[in-house]
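The values are calculated or read from the model by the stated rules, or taken from the named source; none is laboratory data. Everything numeric in this text was worked out from a predicted model, so none of it was measured. Counting neighbours? That spans all protein chains shown, and the Cβs are built from the backbone with ideal geometry, glycine included. SASA here: full protein model, heavy atoms, side chains in, ligands and nucleic acids out. Shrake-Rupley method; radii C 1.70, N 1.55, O 1.52, S 1.80 Å.
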Amino acid sequence: MRIILLGPPGAGKGTHAGTISQLKNVPHVASGDLFRKHQQDQTELGVLAASFMSKGELVPDEVTISMVEQRLGEPDCGQGIILDGFPRTTEQAKALDIMLKEKDLRINHVIQLEVNEEEIVERLSGRFSCTDCGMGYHEKFSAPANKGICDKCKSTNFTRRSDDSPKTLRNRLSAYKEQTALILPYYSTKGCLKSIDGMAEMDIVFDEIKKMIDGD
Ligand code: AMP
(Lines give C-alpha, C1' and ligand atoms only; values in the text may rest on other atoms or scores of the structure.)
Protein backbone atom coordinates (compact mmCIF):
# COMPACT_ATOMS: atom_id res chain seq x y z
CA MET A 1 0.00 0.00 0.00
CA ARG A 2 1.37 3.39 -1.02
CA ILE A 3 -0.49 6.47 0.16
CA ILE A 4 0.17 10.20 -0.09
CA LEU A 5 -1.52 12.50 2.41
CA LEU A 6 -1.86 16.02 1.04
CA GLY A 7 -3.07 19.19 2.67
CA PRO A 8 -1.92 22.48 4.16
CA PRO A 9 0.18 22.63 7.33
CA GLY A 10 -2.02 21.76 10.28
CA ALA A 11 -4.48 19.67 8.25
CA GLY A 12 -3.72 16.60 10.39
CA LYS A 13 -1.49 14.76 7.90
CA GLY A 14 1.06 13.74 10.53
CA THR A 15 -1.53 12.49 13.03
CA HIS A 16 -3.45 10.43 10.50
CA ALA A 17 -0.31 9.16 8.76
CA GLY A 18 0.93 7.89 12.14
CA THR A 19 -2.33 6.03 12.80
CA ILE A 20 -2.51 4.48 9.32
CA SER A 21 1.12 3.46 9.66
CA GLN A 22 0.34 1.52 12.85
CA LEU A 23 -2.87 0.06 11.47
CA LYS A 24 -1.35 -1.17 8.21
CA ASN A 25 2.16 -1.76 9.51
CA VAL A 26 3.90 0.35 6.89
CA PRO A 27 6.36 3.18 7.59
CA HIS A 28 5.26 6.78 7.95
CA VAL A 29 7.70 8.84 5.89
CA ALA A 30 7.46 12.56 6.66
CA SER A 31 9.90 14.78 4.78
CA GLY A 32 9.66 17.45 7.53
CA ASP A 33 10.71 14.84 10.15
CA LEU A 34 13.61 13.72 7.93
CA PHE A 35 14.81 17.33 7.69
CA ARG A 36 14.42 17.86 11.46
CA LYS A 37 16.49 14.70 12.09
CA HIS A 38 19.23 16.07 9.80
CA GLN A 39 19.11 19.34 11.74
CA GLN A 40 19.41 17.52 15.04
CA ASP A 41 22.38 15.54 13.73
CA GLN A 42 23.84 18.79 12.33
CA THR A 43 24.50 17.31 8.92
CA GLU A 44 25.27 19.54 5.93
CA LEU A 45 21.77 18.90 4.61
CA GLY A 46 20.31 19.77 8.03
CA VAL A 47 22.08 23.15 8.02
CA LEU A 48 20.94 23.89 4.47
CA ALA A 49 17.33 22.82 5.19
CA ALA A 50 17.21 24.93 8.37
CA SER A 51 17.87 28.09 6.37
CA PHE A 52 14.64 27.48 4.40
CA MET A 53 12.55 25.94 7.17
CA SER A 54 13.14 28.83 9.57
CA LYS A 55 11.56 31.16 6.99
CA GLY A 56 8.69 28.83 6.17
CA GLU A 57 10.00 28.32 2.62
CA LEU A 58 10.30 25.04 0.76
CA VAL A 59 13.70 23.34 0.71
CA PRO A 60 14.91 23.12 -2.94
CA ASP A 61 13.57 20.15 -4.92
CA GLU A 62 16.91 18.59 -5.77
CA VAL A 63 17.99 17.99 -2.15
CA THR A 64 14.49 17.10 -0.98
CA ILE A 65 14.02 14.51 -3.73
CA SER A 66 17.38 12.87 -3.10
CA MET A 67 16.75 12.69 0.68
CA VAL A 68 13.34 11.07 0.20
CA GLU A 69 14.66 8.73 -2.51
CA GLN A 70 17.30 7.49 -0.09
CA ARG A 71 14.65 6.87 2.61
CA LEU A 72 12.35 5.04 0.19
CA GLY A 73 15.23 2.78 -0.79
CA GLU A 74 15.48 1.42 2.77
CA PRO A 75 14.21 -2.15 3.27
CA ASP A 76 11.24 -1.25 5.52
CA CYS A 77 9.71 0.78 2.67
CA GLY A 78 9.54 -2.26 0.39
CA GLN A 79 5.99 -3.29 1.31
CA GLY A 80 4.43 0.15 1.43
CA ILE A 81 4.66 3.74 2.63
CA ILE A 82 2.53 6.55 3.99
CA LEU A 83 3.97 9.78 2.64
CA ASP A 84 3.35 12.96 4.62
CA GLY A 85 4.66 16.33 3.40
CA PHE A 86 6.11 14.89 0.20
CA PRO A 87 5.58 15.62 -2.64
CA ARG A 88 5.10 19.37 -2.23
CA THR A 89 5.85 20.51 -5.80
CA THR A 90 5.02 19.16 -9.25
CA GLU A 91 8.74 18.44 -9.75
CA GLN A 92 8.71 16.26 -6.61
CA ALA A 93 5.52 14.49 -7.72
CA LYS A 94 7.08 13.66 -11.08
CA ALA A 95 10.31 12.48 -9.43
CA LEU A 96 8.31 10.22 -7.11
CA ASP A 97 6.52 8.66 -10.07
CA ILE A 98 9.88 7.93 -11.70
CA MET A 99 11.32 6.42 -8.47
CA LEU A 100 8.34 4.10 -8.13
CA LYS A 101 8.12 3.21 -11.81
CA GLU A 102 11.73 2.03 -11.74
CA LYS A 103 10.61 -0.56 -9.17
CA ASP A 104 7.37 -1.29 -11.02
CA LEU A 105 5.38 0.29 -8.18
CA ARG A 106 2.73 3.01 -8.02
CA ILE A 107 0.78 5.18 -5.59
CA ASN A 108 -2.58 3.63 -4.62
CA HIS A 109 -4.24 6.63 -2.97
CA VAL A 110 -3.65 10.37 -2.82
CA ILE A 111 -5.81 11.75 -0.03
CA GLN A 112 -6.28 15.48 0.35
CA LEU A 113 -7.35 16.83 3.75
CA GLU A 114 -9.22 20.10 3.25
CA VAL A 115 -9.02 22.66 6.06
CA ASN A 116 -9.65 26.40 5.86
CA GLU A 117 -7.02 29.00 6.71
CA GLU A 118 -8.66 30.32 9.87
CA GLU A 119 -8.76 26.82 11.35
CA ILE A 120 -5.11 26.18 10.38
CA VAL A 121 -3.93 29.31 12.19
CA GLU A 122 -5.92 28.32 15.29
CA ARG A 123 -4.60 24.74 15.21
CA LEU A 124 -0.94 25.63 14.69
CA SER A 125 -0.68 28.65 16.92
CA GLY A 126 -1.81 26.57 19.91
CA ARG A 127 0.12 23.37 19.40
CA PHE A 128 3.05 22.25 21.55
CA SER A 129 4.64 18.97 22.54
CA CYS A 130 6.46 17.28 25.39
CA THR A 131 10.20 17.76 24.97
CA ASP A 132 10.93 14.37 26.51
CA CYS A 133 8.43 11.93 24.96
CA GLY A 134 7.11 13.93 21.98
CA MET A 135 3.43 13.69 23.05
CA GLY A 136 1.49 16.38 21.15
CA TYR A 137 -0.91 18.86 22.82
CA HIS A 138 -3.00 21.90 21.96
CA GLU A 139 -3.71 24.80 24.33
CA LYS A 140 -7.41 24.81 23.50
CA PHE A 141 -8.31 21.35 22.17
CA SER A 142 -6.09 18.89 24.02
CA ALA A 143 -4.20 20.42 26.94
CA PRO A 144 -2.51 18.10 29.48
CA ALA A 145 -4.92 16.95 32.22
CA ASN A 146 -2.67 18.63 34.82
CA LYS A 147 -1.40 21.97 33.56
CA GLY A 148 2.33 21.90 32.84
CA ILE A 149 2.70 18.12 33.33
CA CYS A 150 2.88 15.67 30.43
CA ASP A 151 0.05 13.07 30.66
CA LYS A 152 2.28 10.36 29.23
CA CYS A 153 5.70 10.75 30.88
CA LYS A 154 5.06 13.39 33.61
CA SER A 155 7.77 15.65 32.22
CA THR A 156 7.36 19.38 32.80
CA ASN A 157 9.33 20.36 29.69
CA PHE A 158 7.40 21.44 26.62
CA THR A 159 8.41 22.87 23.25
CA ARG A 160 6.77 24.61 20.32
CA ARG A 161 7.86 24.28 16.71
CA SER A 162 9.67 27.50 15.84
CA ASP A 163 8.07 27.50 12.38
CA ASP A 164 4.58 27.71 13.96
CA SER A 165 5.27 31.41 14.75
CA PRO A 166 2.76 33.75 13.00
CA LYS A 167 5.22 35.16 10.42
CA THR A 168 6.69 31.78 9.42
CA LEU A 169 3.25 30.22 9.36
CA ARG A 170 2.10 32.87 6.87
CA ASN A 171 4.99 31.91 4.57
CA ARG A 172 4.21 28.19 4.96
CA LEU A 173 0.61 28.84 3.96
CA SER A 174 1.76 30.86 0.93
CA ALA A 175 4.12 28.04 -0.06
CA TYR A 176 1.19 25.64 0.15
CA LYS A 177 -1.11 27.82 -1.97
CA GLU A 178 1.50 28.85 -4.55
CA GLN A 179 3.46 25.60 -4.94
CA THR A 180 1.92 22.56 -3.26
CA ALA A 181 -1.73 23.08 -4.26
CA LEU A 182 -0.55 22.95 -7.90
CA ILE A 183 0.01 19.22 -7.59
CA LEU A 184 -3.68 18.54 -6.92
CA PRO A 185 -4.58 18.71 -10.64
CA TYR A 186 -1.58 16.46 -11.37
CA TYR A 187 -3.07 13.66 -9.25
CA SER A 188 -6.65 14.44 -10.16
CA THR A 189 -5.82 13.95 -13.86
CA LYS A 190 -4.34 10.57 -12.97
CA GLY A 191 -7.64 9.70 -11.25
CA CYS A 192 -6.19 8.83 -7.84
CA LEU A 193 -7.03 12.00 -5.87
CA LYS A 194 -9.69 11.82 -3.14
CA SER A 195 -10.67 14.66 -0.84
CA ILE A 196 -11.85 14.59 2.75
CA ASP A 197 -13.25 17.38 4.93
CA GLY A 198 -10.36 17.79 7.35
CA MET A 199 -12.43 20.18 9.50
CA ALA A 200 -14.51 17.29 10.84
CA GLU A 201 -13.76 15.55 14.17
CA MET A 202 -10.52 13.58 14.08
CA ASP A 203 -12.29 10.20 14.46
CA ILE A 204 -14.64 10.99 11.60
CA VAL A 205 -11.77 12.01 9.33
CA PHE A 206 -9.92 8.83 10.19
CA ASP A 207 -13.01 6.68 9.48
CA GLU A 208 -13.25 8.31 6.06
CA ILE A 209 -9.59 7.57 5.35
CA LYS A 210 -10.06 4.00 6.52
CA LYS A 211 -13.01 3.49 4.19
CA MET A 212 -10.88 4.69 1.28
CA ILE A 213 -7.96 2.40 1.99
CA ASP A 214 -9.80 -0.66 3.32
CA GLY A 215 -9.24 -3.75 1.28
CA ASP A 216 -5.65 -2.73 0.44
P1 AMP B 1 6.38 19.87 7.81
O2 AMP B 1 6.93 19.18 9.01
O3 AMP B 1 5.86 18.91 6.77
O4 AMP B 1 5.40 20.95 8.15
O5 AMP B 1 7.63 20.60 7.10
C6 AMP B 1 8.37 21.58 7.78
C7 AMP B 1 9.22 22.33 6.78
O8 AMP B 1 10.17 21.44 6.16
C9 AMP B 1 8.48 22.97 5.61
O10 AMP B 1 7.93 24.24 5.95
C11 AMP B 1 9.60 23.09 4.57
O12 AMP B 1 10.48 24.16 4.88
C13 AMP B 1 10.37 21.78 4.80
N14 AMP B 1 9.84 20.69 3.96
C15 AMP B 1 9.22 19.55 4.40
N16 AMP B 1 8.89 18.76 3.37
C17 AMP B 1 9.29 19.41 2.25
C18 AMP B 1 9.19 19.13 0.85
N19 AMP B 1 8.60 18.00 0.42
N20 AMP B 1 9.72 20.01 -0.01
C21 AMP B 1 10.32 21.15 0.41
N22 AMP B 1 10.41 21.50 1.71
C23 AMP B 1 9.91 20.64 2.62
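Would you mind counting up the charge near Asn116? Only other residues with Cβ under 13 Å from its Cβ, with Lys and Arg at +1 and Asp and Glu at -1.
-4
Roughly how many nanometres apart are two label points built 7 Å out from the Cα toward the Cβ at Lys55 and Gln79?
According to this spin-label approximation, the distance is 4.3 nm.
With point charges of +1 on the Cβ of Lys and Arg and -1 on the Cβ of Asp and Glu, referenced to the Cα centre of the chain, which listed residue (Ile107, Phe35, Gly80) lies farthest in the positive direction of the dipole?
Phe35
I'd like the accessible area for Ser174, computed on protein heavy atoms only with a 1.4 Å probe and all protein chains in place. Round to 10 Å², please.
Near enough 40 Å² of accessible area.
Rounded to the nearest whole Å², what accessible area per residue is found for the chain with the 1.4 Å probe?
Here the residues of the chain average 55 Å² of exposed surface.
Under the Karplus relation 6.51 cos²θ - 1.76 cosθ + 1.60, θ = phi - 60°, what is the ordered set of whole-Hz ³J(HN,Hα) values for the stretch 138-146, x standing for Gly and Pro?
With coefficients 6.51, -1.76 and 1.60, one gets 9, 3, 9, 8, 8, 6, x, 4, 10 Hz.
Any chance you could give the angle, 0 to 90 degrees and rounded to 10, that helix 90-102 forms with the longest Cα principal axis of the chain?
For helix 90-102, the angle is close to 60 degrees.
Once the mean 1/r over all distinct Cα pairs of the chain is inverted, what Kirkwood radius in angstroms do you read off?
18.0
Below 8 Å, C-alpha to C-alpha, sequence gap of six or more: please give me the relative contact order for the chain in percent.
28
Quick one: check the C-alpha center-to-center distance for the stretch 73-97 versus the stretch 145-214, whole angstrom.
Taking the Cα centre of each part, the stretch 73-97 and the stretch 145-214 sit 17 Å apart.
State, to one decimal in nm, how far the label point of Val63 lies from the label point of Glu201, with both points 7 Å from Cα in the Cβ direction.
So the two model labels end up 4.3 nm from each other.
Classify the stretch 42-89: rounded, prolate or oblate, from the alpha-carbon gyration tensor (a ≥ b ≥ c, eigenvalue square roots; a/c under 1.5 rounded; otherwise prolate if a/b is larger than b/c)?
Verdict is prolate for the stretch 42-89.
Output the relative contact order of the stretch 1-110, whole-number percent, from Cα pairs under 8 angstrom with separation of 6+ residues.
44
Ordering Val63, Val26 from largest to smallest accessible area (1.4 angstrom probe), what's the sequence?
The residues order as Val63, Val26, largest area first.
Could you work out the relative contact order of the stretch 98-216, using alpha carbon pairs under 8 angstrom and six or more residues apart, expressed as a whole percent?
In percent, rounded to a whole number, it is 33.
From the Cα trace of the stretch 8-85, what convex hull volume per residue do you get, rounded to a whole Å³?
Convex hull volume per residue, Cα atoms: 96 Å³.
Assigning unit charges at the beta carbon (Lys, Arg +1; Asp, Glu -1) and nothing else, what dipole magnitude in debye, to the nearest 20, does the chain show about its Cα centre?
With Lys and Arg at +1 and Asp and Glu at -1, about 240 debye.
Angle check, please: helix 44-53 long axis (alpha carbons) against the longest principal axis of the chain (alpha carbons), in degrees 0 to 90, nearest 10.
The angle comes out at about 70 degrees.
Report Rg (one decimal) and Dmax (nearest whole number) for the stretch 101-192, counting Cα atoms only, units Å.
Cα radius of gyration and Dmax of the stretch 101-192 are 17.9, 51 Å respectively.
Tally Lys and Arg at +1 and Asp and Glu at -1 over the other residues with C-beta under 13 Å from the C-beta of Arg127: what net charge comes out?
For residues surrounding Arg127, the net value is -1.
At 222 nm, what value in deg cm²/dmol follows for the chain if DSSP H runs of at least 4 each add -39500 (n - 2.57) and the sum is divided by all its residues, to the nearest 500?
-14000 deg cm²/dmol
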